[in-house]
Amino acid sequence: MATSRLPGFYNLTLEQRLAQTAAAAELTPPELAAWASGGINPEAADHMIENAVGLHSLPLGIGLNFQVNGRDVLVPMAIEEPSVVAGASFMAKLARAGGGFHTTSSDPLMIGQMQVIRVQNLHEAKFKIYEKKAELLAEADSIDPVLKKFGGGARDIEVRLIEESVIGPFLVIHLIYDVRDAMGANAVNTACERLAPRVEQITGGKVHLRILSNLADRRIARARCTIPVSALAFDNFSGEAVRDGIIAAYAFAAADPYRAATHNKGIMNGVDAVVIASGNDWRAIEAGAHAYAARCGRYTSLSTWNQDSDGNLVGTLEMPMAVGIIGGATKVHPAAKAAIQLMGVKTASELAEIIVAVGLAQNMAALRALATEGIQRGHMSLHARQVAIAAGASGEQVEKLAAQLVAEKTVRIDRAEEILKSW
Ligand code: MEV
């Protein structure tokens, strides 16, 4: 990838944008051609889910300006909401001025859970499981030779005793499994199901549920960025005012779950867009994100915003990121394959790190707008296009009608229909 800075990209036609995207990523337009049609046809859908009747499409845009650990990357984002791609791209540009995004991730460790009920002596059973840990790990390890070949496999076993009043106390065994470049649900679920009979022998109990946990808190991705305070100034807002406004907005989310939910939703606007574009399971990512945000017993912000000793704005984001680049839709969906190709990621961890960088950029875009001119101004001009389409505008009418709605400061469908009728 030569550069993710593509000035004037917005003004190009769809075909020109695709050509420029391919050229910048050292790919050919045919390699990204799946995006023109959405990637799959109804016949393919019929092989993916039950009772298929057709397709449901989302727009795919390119997040520009991203630099992650010194590498430029163009980010495919599948999302229906206006402002998200533009917001992320703009914030990535500001972050570039401070060296881009610095990211890290843990090993790709997933947790599989086995619920063991009807155990006579819970404490004794817990100790017996630990005594047989090596044997259980060896068995779990032998299940997926492909994962093993690539350096994955069973890593650890932990036993928890859960006090509960409906069915009484029970044991939960966590199998920690390194799933390398897979999302890992299949490997972990298979391993848990396979271990269950031996666990029943050891504990004398009954293994009830055997399923992975979406609170993937062993599989964490982290992103950090520094925005020079001077880069934050715009219109009548000084850099210091924007910085302090963003920090105060973060403080609100850190302290109040009602605000934190919306703040984190803004992060997920960016995160989900890349998760979906790459063919990953965004429900799993959502579940993990919100459970992680409540890990201390109170729901709070996933990100932090502060200033460094030079007065520059510093943002961080840390969250579970169970995404894969092999298996599932990531391999069979041509649009997802193109997305992985565009980002040039070779491991699931690299993908996870790009995703958290986008989440952090998206969070900053929302906070900057909220802390200064308010969210509606930027939102409205983009929203106006959707209103124009909903009112029946097509082709060149869309931009013209949207512009008039914004100029009149009345972005409403009734007014849009009225204007259309008068044309
Ligand atoms: C809207 O999709 C997302 C925001 O509400 C996020 C936020 O409030 O931080 C703007």
Note to self: Of all beta bridges DSSP finds with both residues in the chain, what is the antiparallel percent, to the nearest 5?
What the structure shows: 95
Next item on the list: Can you figure out the FRET efficiency of residue 97 with residue 160, using R₀ = 60 Å and their beta-carbon distance, to the nearest 0.05?
Entry: 0.85
Check: By how many nm would the segment from residue 10 to residue 410 lengthen if fully extended, with 0.36 nm per residue of separation less the alpha-carbon distance?
Finding: 141.5 nm
Note to self: I need the calculated FRET efficiency for the pair residue 45 and residue 80, taking r as the beta carbon distance and R₀ as 30 Å, to the nearest 0.05.
What the structure shows: 0.95
Check: Arranged by the count of other C-beta atoms within 10 angstrom, fewest first, what order do 263, 379, 333 take?
Finding: 379, 333, 263
Notebook entry, point to check: If you average the sequence gap of Cα pairs under 8 Å that are 6 or more apart and divide by the length of the stretch 109-212, what percent do you get for the contact order?
Noted result: 46
Next item on the list: Taking 7 Å along the Cα-to-C-beta vector as the label spot, tell me the residue 189-residue 236 distance in nanometres, rounded to one decimal.
Entry: 5.7
Notebook entry, point to check: So how far apart, in nm, are the two label points at residue 295 and residue 248 if each is 7 Å from Cα heading toward Cβ?
Noted result: 3.1
Item checked: FRET efficiency for residue 310 and residue 71, using Cβ-Cβ distance with R0 set to 22 Å, rounded to 0.05 -> 0.30
Next item on the list: Once you have a ≥ b ≥ c as the square roots of the Cα gyration tensor eigenvalues for the stretch 296-423, tell me rounded if a/c is under 1.5, and otherwise prolate or oblate according to whether a/b is larger than b/c.
Entry: oblate
Next item on the list: Would you mind calculating the relative contact order of the stretch 378-422 from Cα pairs under 8 angstrom and at least 6 residues apart, reporting the percent as a whole number?
Entry: 44
Next item on the list: List every DSSP H helix in the chain whose Cα atoms extend 27 Å or more along the helix's own long axis and whose mean Kyte-Doolittle hydropathy is at least 0.5.
Entry: 348-371
Notebook entry, point to check: For the stretch 109-212, what class follows from the C-alpha gyration tensor (a ≥ b ≥ c being the square roots of its eigenvalues): rounded when a/c is under 1.5, otherwise prolate if a/b is larger than b/c, else oblate?
Noted result: prolate
Item checked: Residue order, fewest to most surrounding Cβ atoms within 10 angstrom, among 35, 282, 305 -> 282, 35, 305
Item checked: the stretch 10-70 - percent relative contact order, Cα under 8 Å, separation 6 or more -> 18
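None of the figures in this text is laboratory data; all of them are computed from the coordinates on show. The model shown is predicted, which means the values in this text are computed figures rather than measured ones. In this analysis, Cβ positions are derived from the backbone assuming ideal geometry, glycine residues included, and neighbour counts consider all displayed protein chains.
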